[in-house]
1. Keeping all protein chains in the complex and leaving out DNA, RNA and ligands, what accessible area do you get for THR12 with a 1.4 Å probe, in Å² to the nearest 10?
2. What accessible area, in Å² to the nearest ten, does a 1.4 Å probe give for LEU64?
3. Given a 1.4 angstrom probe, what's the average accessible area per residue across segment 1-138, in square angstrom?
4. At a probe size of 1.4 Å, how large is the accessible area of MET84, to the nearest 10 Å²?
5. Under a plain spin-label model, where a point goes 7 Å from the Cα along Cα-to-Cβ, how far apart in nm are GLN51 and GLU81?
6. Just flag the trypsin sites (Lys or Arg not before Pro) in segment 53-124 sitting in loop per DSSP whose Cβ has no more than 14 other Cβ atoms within 10 Å.
7. If all Cα-Cα distances of segment 1-129 are sorted into 10 Å bins from 0 onward, what percent lands in each bin, rounded to whole numbers?
8. If r is the Cβ-Cβ distance from ARG97 to ARG42 and R0 is 30 Å, what FRET efficiency results, to the nearest 0.05?
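The values are calculated or read from the model by the stated rules, or taken from the named source; none is laboratory data. Since this is a predicted model, take the numbers as computed values, not measurements. Cβ sites come from the backbone with ideal geometry, for glycine too, and all protein chains shown count toward neighbours. Accessible surface areas use protein heavy atoms only, side chains included; no ligands, DNA or RNA. Shrake-Rupley method; radii C 1.70, N 1.55, O 1.52, S 1.80 Å.
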Amino acid sequence: MQWWNSFVSWLTAASNQTMVFSAVVLVVAIIVASLLAAWISRGAIRHLLAQHDRELKAAVIGALVDAATEASVWNSLSPQEQVMADRAVGQADIQLRLLPIKGSAVAANWAAHQLAELKRTSATFGYQLEPALLEFRDRLIEWQHKPARARKVFLSDLDRWKVANTTSEKSLLAEQDAWAAQQHHDQYSTPQAAPVPAPLNPAPLNPAPLNPAPLNYATTPASPSTETQRLLDDVQALEVRPAPYSAS
């Protein structure tokens, strides 16, 4: 107790009041500065997290809108393009469900239903798909800005679709999807005939015969004047020939 009494005496001494006051002010200033730094750091971290969440939501919404654009022309895509589009949709769906936002799973269910409807409509060419794409984009952007309000709208749409789709309608839609898939498979599985290449050296229209017939050159008969002249020459030669010598 002696040291405690000594400390109290020193603390309450009039000569030490200035030192005690300075120490108290210093401690209070350190505590206030620490609290203020913690509050500023917390606000900065919260701002960075919110910005990251907005960028992630924008990326997910952009991927879903791009998937909706491909779903609107689903029947005209090749099987390889359809596989790549389904993979992109799956990744966007997982990212959407993992967002730290209340109602992200509801938004993912609503987007999956809308994408399936766009695929089905692209196969049957039921109506113009541009208004549906614009509505899909606007609803997702509204959900990004006001997630609580958009969640209620998504829930009402899902409940309405669940009531509207009866068992017979589901079987009819399944048969329709199977028929569209079979038509698409037949379209891309039928081999197309290859074009016949043109010959490199086309034959002439009127080919010449390989062994043409020899030409018959008829000899021209000698003229009558030539034969007569020959006979006259022979006769003259006989007359000119000398008679044989006879000894007396």
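1. About 90 Å², rounded to the nearest 10.
2. LEU64 exposes around 10 Å² with every protein chain in place.
3. I get 67 Å² per residue for this part.
4. Rounded to the nearest 10, the figure is 130 Å².
5. Using points 7 Å along Cα→Cβ, the separation is 3.8 nm.
6. LYS102
7. Each 10 Å bin holds this share of Cα pairs: 11, 23, 16, 10, 8, 8, 9, 7, 6, 2.
8. So the FRET efficiency works out to roughly 0.60.
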